[in-house]
């Protein structure tokens, strides 16, 4: 019979949230400031030559992508660093010995990553409002793509955290996969302006659907079919969450 211990999951979730809030300047304020600096650089550098993208003012077009990029990167970083640190310090056994099922372990870590992503996105959004007059066009799209994007990256963070045997491997995934995919996902441009080959390539980038749908929540325009993107993200999140569950169940690189 299926059972789910909400109290245990909440305890693990709370541990994850307290973990990044203790160093909030580094984990929340820092990413927000970085996004604001990127926005400033693009606005100043391109503002005179590229005033609009798809009839949307450049800062208003870029800002939603920066917010989602911040959410994606920090959701991934939270789960990957939490599990990785526990493994490398040898105290992951304390979590594995707790009365938590494999499903509850996966849920607790992913929920913690999701909350960090949402908080980072919210702080970045508030900071951007001082410079860019963003208006929410669709609250449904805002909620859905925020949830799907952070859950996707939180799940990927759990997978990488379990898989990696040292910090270099985690940083390799971040530097050579996560960062390139976020920067090549239409954060700073519309894929409609790309050559046909690169437009086709972008359609295989799941980060693109997160950023495109999130941007739609603010400007009411998208480069792809929102329903298709939503289905892709739902299927991908289901697969990633299932893989997290299986890795905990098999004790992959966790049990010796």
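Considering helices alone, the calculated mean residue ellipticity of the chain at 222 nm is -23500 deg cm²/dmol, with DSSP H runs of length four and up weighted by -39500 (n - 2.57) and normalised per residue. When Rg and Dmax are taken over the Cα atoms of segment 130-186, they come to 15.3, 45 Å.
Mind checking which of 71, 153, 97 has the largest fluctuation in a GNM of the chain, springs on alpha carbons under 10 Å? Result: 97 has the largest fluctuation of those listed.
Diffusion of segment 1-91 by Stokes-Einstein, at 37 °C in a medium of 0.692 mPa s and with Rh set to the Kirkwood radius over alpha-carbon pairs, works out to 204 µm²/s.
Which one, 30, 108, 161, has the greatest fluctuation when you compute a Gaussian network model over the chain with C-alpha springs under 10 angstrom? The residue with the greatest mean-square fluctuation here is 30.
Segment 204-256 and segment 149-187 have their alpha-carbon centroids 13 Å apart. Taking the chain as a Gaussian network of alpha-carbon nodes connected by springs under 10 Å, the highest mean-square fluctuation of the residues 26, 73, 89 belongs to 89.
As a rough footprinting exposure proxy, the listed residues 183, 197 were ranked by other beta carbons within 10 Å of their own, and the order from fewest upward is 197, 183. Dividing the alpha-carbon radius of gyration of the chain by the rule-of-thumb value 2.2 N^0.38 Å gives 1.03.
For the chain, what does the relative contact order come out to in percent, with C-alpha contacts under 8 Å and a separation of six or more? The value is 27 percent.
The length gained on full extension between residue 97 and residue 200, counted as 0.36 nm times the residue separation minus their Cα-Cα distance, comes to 32.4 nm.
To one decimal place, what orientation-averaged projected area in nm² is obtained for the convex hull of the Cα set of segment 49-135? Mean shadow area of the hull around the Cα atoms is 8.1 nm².
Quick note: the coordinates plus some simple rules give every number you see, no bench work behind them. All values reported here derive from a predicted model rather than from experimental measurement. No Cβ is skipped: glycine too gets one built from the backbone with ideal geometry, and neighbour counts run over all protein chains shown.
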